Amino acid sequence: MGHLHALSINVRIRRHHRDMLRYHWGHMGYLEETIEELEKQIDQPLSPDRKEVELLDGIPGVNKAAAATFIAGIGVNLTVFKSAKHLAHGLV
């Protein structure tokens with residue numbers, strides 16, 4: 001039955017459709033490679049702050065991307081802020 005089903009699909013898909021599927025498949029591969037490369041570029045500068053990234057990532061609702069954004073914007077040395085209120089004001 002599976003062979004007949006595959007055969008019926010193959011008959012309905014025209015060359016144009018196969019070409020378009022091949023094009024989209026290739027484009028998806030390109031996008032996945034680009035995303036992986038960008039993630040590596042983001043991870044490199046975060047290496048010294050790996051512990052902090054992991055701690056932030058452990059907070060419910062905070063993922064690695066949010067942790068990276070927070071560290072990029074605020075840093076990991078929170079002693080530069082006079083208080084939590086001062087830090088929060090800087091975020092708004």
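The values are calculated or read from the model by the stated rules, or taken from the named source; none is laboratory data. All values reported here derive from a predicted model rather than from experimental measurement. Virtual Cβ from ideal backbone geometry, glycine too; neighbours counted across all protein chains shown. Note: areas computed on protein heavy atoms with side chains; ligands, DNA, RNA excluded. Shrake-Rupley method; radii C 1.70, N 1.55, O 1.52, S 1.80 Å.
Looking only at the stretch 73-87, residues that are without any contact (Cβ under 8 Å) to a residue 24 or more places away in the chain and either open to solvent by 60 Å² or more (accessible area, probe 1.4 Å) or under 22 Å from ILE35 (Cα atoms) (or both) come to 9 in all.
Can you tell me which residue among GLU36, GLU54 is more than 22 Å from GLY73 (Cα to Cα), open to solvent by 90 Å² or more (accessible area, probe 1.4 Å) and at pLDDT 90 or above? The unique qualifying residue is GLU36. The single condition among (1) under 30 Å from ALA88 (Cβ atoms); (2) at pLDDT below 85; (3) of a type in the set (D, E, K, R); (4) more than 17 Å from the chain's Cα centre (by Cα) that ASP43 does not meet is (4). Annotation note: Cβ proximity below 9 Å between a residue of the stretch 1-29 that is at pLDDT 90 or above and a residue that is among the hydrophobic types (A, V, I, L, M, F, W, C) (sequence gap 6+ or interchain) occurs for LEU21/ILE13. Quick one: is LEU46 in a helix (DSSP H, G or I) and touching a residue at least 12 places away in the same chain (Cβ under 8 Å)? Judged against the criteria, LEU46 is a match.
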